[in-house]
1. So which of 118, 105, 124 ends up being part of a helix (DSSP H, G or I) and in contact with an Asp or Glu (Cβ under 8 Å, 6 or more places away or on another chain)?
2. Name the single residue that is farthest from residue 81 (Cα to Cα) among those in the range 229-252 being open to solvent by less than 50 Å² (accessible area, probe 1.4 Å) and touching an Asp or Glu at 6+ places or on another chain (Cβ under 7 Å).
3. Whether any residue in the range 268-276 is open to solvent by less than 50 Å² (accessible area, probe 1.4 Å) and farther than 28 Å from residue 81 by Cβ is what I want to check.
4. Given the criteria within 13 Å of the ligand (Cβ to nearest atom), basic (Lys, Arg) and within 20 Å of residue 25 (Cα to Cα), does residue 234 qualify?
5. Identify the residue in the range 189-208 that is outside any helix (DSSP H, G or I) and surrounded by fewer than 24 Cβ atoms within 10 Å (Cβ to Cβ) and, among all such residues, is nearest to the ligand (Cβ to nearest atom).
6. Quick one: in the range 2-25, which of the residues that are under 13 Å from the mean Cα position of the chain (by Cα) and not in a helix (DSSP H, G or I) is nearest to the ligand (Cβ to nearest atom)?
7. Assess whether residue 127 counts as being open to solvent by 80 Å² or more (accessible area, probe 1.4 Å), more than 18 Å from the chain's Cα centre (by Cα), more than 30 Å from residue 68 (Cα to Cα) and away from the ligand (no atom under 16 Å from the Cβ).
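The values are calculated or read from the model by the stated rules, or taken from the named source; none is laboratory data. Bear in mind the structure is a predicted one, so any value in this text is a computation, not a measurement. Cβ coordinates were reconstructed from backbone atoms using ideal geometry, including for glycine residues, and neighbour counts include every protein chain displayed. Note: areas computed on protein heavy atoms with side chains; ligands, DNA, RNA excluded. Shrake-Rupley method; radii C 1.70, N 1.55, O 1.52, S 1.80 Å.
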Amino acid sequence: MEKNSLKEMLLKAKHGKYAVGAFNIFNHISAKATVQAAKELSAPLILQTSVSTVKKIGVDELIKMLNLVKENAGIPIVIHLDHCTDPELAKRCIDAGWDSIMIDASEKPFDENVAITAEIKKYAAAKNVCVEGELGVIKGVEDEISSDVEVATKYEDAIEFVNSTDVDAFAPAIGTAHGVYTEKAVLNFDLVRRISDTCDCPLVVHGGTGLSDEDFRKLIELGATKINISTAIKHAYFDGYQKYFEQNSTDRNPLKLDEFIEKEIKEVVKTHINLFGAAQKA
Ligand code: 13P
């Protein structure tokens, strides 16, 4: 299967002043719904898989399923591994056919984070696979990773990290958080602007669920090009189940239920793609 470049997709977005949505999917329904939404809006798409999804479905089965979805979509799709803390699993996914992976060594000291990320970048580059790295610690819970506090990224460290690792996309801690915001996020727009202005490496925003329309607009204007959305997809999935049974309490047709949930997820994905300005950019 032909590889799609995350870096090229994101540089195009930076140039065009929009961001590509990276949606965490966890099964066939969520993947299909996400792709369908992007297709209907003619938008580029990042199909993102968390480590627990990879472990649950299995590396080979998951990539085969996603490659088939990608092949039939007719829009540019990058299949991306999210927050992988295990270099061996990252290499396994690189070998299996992911277009792009995130190696997350952000909990390690700076030098160790650089060394791990640079090693994976070298391995991935030889196989035409892109790498996202993270510096600083993003608050909240995402998959198998959680932190109660943010470790904010410093500008000078960010530049050194990107230069030393040669990552294709960079995720700094800018005040966003994974999961549901209990209070309004206070974002470090100045850091986004400074990194984006001085650095060619595309910037990634984690913790996209629950940011305001204005936050998205400003982040994109300042140079953010990949925005991660996970919690909103999970909520659409569960709320879809609940809504379906409220409306069809005696029905036991799984295909109708799947169709209903697919529609709910599709709407959430479409809303974000429109907010990110990525419609008609495929
Ligand atoms: P949310 O769950 O807050 O949307 O964050 C997603 C994310 O950043 C995945 O890495």
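1. Numbers: 105 fails: part of a helix (DSSP H, G or I); 124 fails: in contact with an Asp or Glu (Cβ under 8 Å, 6 or more places away or on another chain).
Selected residue: 118, the only one of 118, 105, 124 that is part of a helix (DSSP H, G or I) and in contact with an Asp or Glu (Cβ under 8 Å, 6 or more places away or on another chain).
2. Top of the filtered list is 240.
3. Residues of the range 268-276 open to solvent by less than 50 Å² (accessible area, probe 1.4 Å): 268-270, 272-273, 276.
Now restrict to residues that are farther than 28 Å from residue 81 by Cβ: none.
No, the range 268-276 contains no residue that is open to solvent by less than 50 Å² (accessible area, probe 1.4 Å) and farther than 28 Å from residue 81 by Cβ.
4. Details: within 13 Å of the ligand (Cβ to nearest atom): yes; basic (Lys, Arg): yes; within 20 Å of residue 25 (Cα to Cα): yes.
Judged against the criteria, residue 234 is a match.
5. Just the residues of the range 189-208 that are outside any helix (DSSP H, G or I), to begin with: 199-208.
Then keep just the ones that are surrounded by fewer than 24 Cβ atoms within 10 Å (Cβ to Cβ); that gives 199-200.
Numbers: 199: 20, 200: 22 Å.
Going through the qualifying residues, I end up with 199.
6. 24
7. On the way: open to solvent by 80 Å² or more (accessible area, probe 1.4 Å): yes; more than 18 Å from the chain's Cα centre (by Cα): yes; more than 30 Å from residue 68 (Cα to Cα): no; away from the ligand (no atom under 16 Å from the Cβ): yes.
When the stated conditions are applied, residue 127 does not pass them.
So that you can scan it fast, the table gives a plain yes or no per residue for (1) at pLDDT 95 or above; (2) open to solvent by less than 20 Å² (accessible area, probe 1.4 Å); (3) not β-branched (Val, Ile, Thr):
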| position | (1), (2), (3) |
| --- | --- |
| 85 | yes, no, no |
| 101 | yes, yes, no |
| 112 | yes, no, yes |
| 120 | yes, yes, no |
| 156 | yes, no, yes |
| 169 | yes, yes, yes |
| 172 | yes, yes, yes |
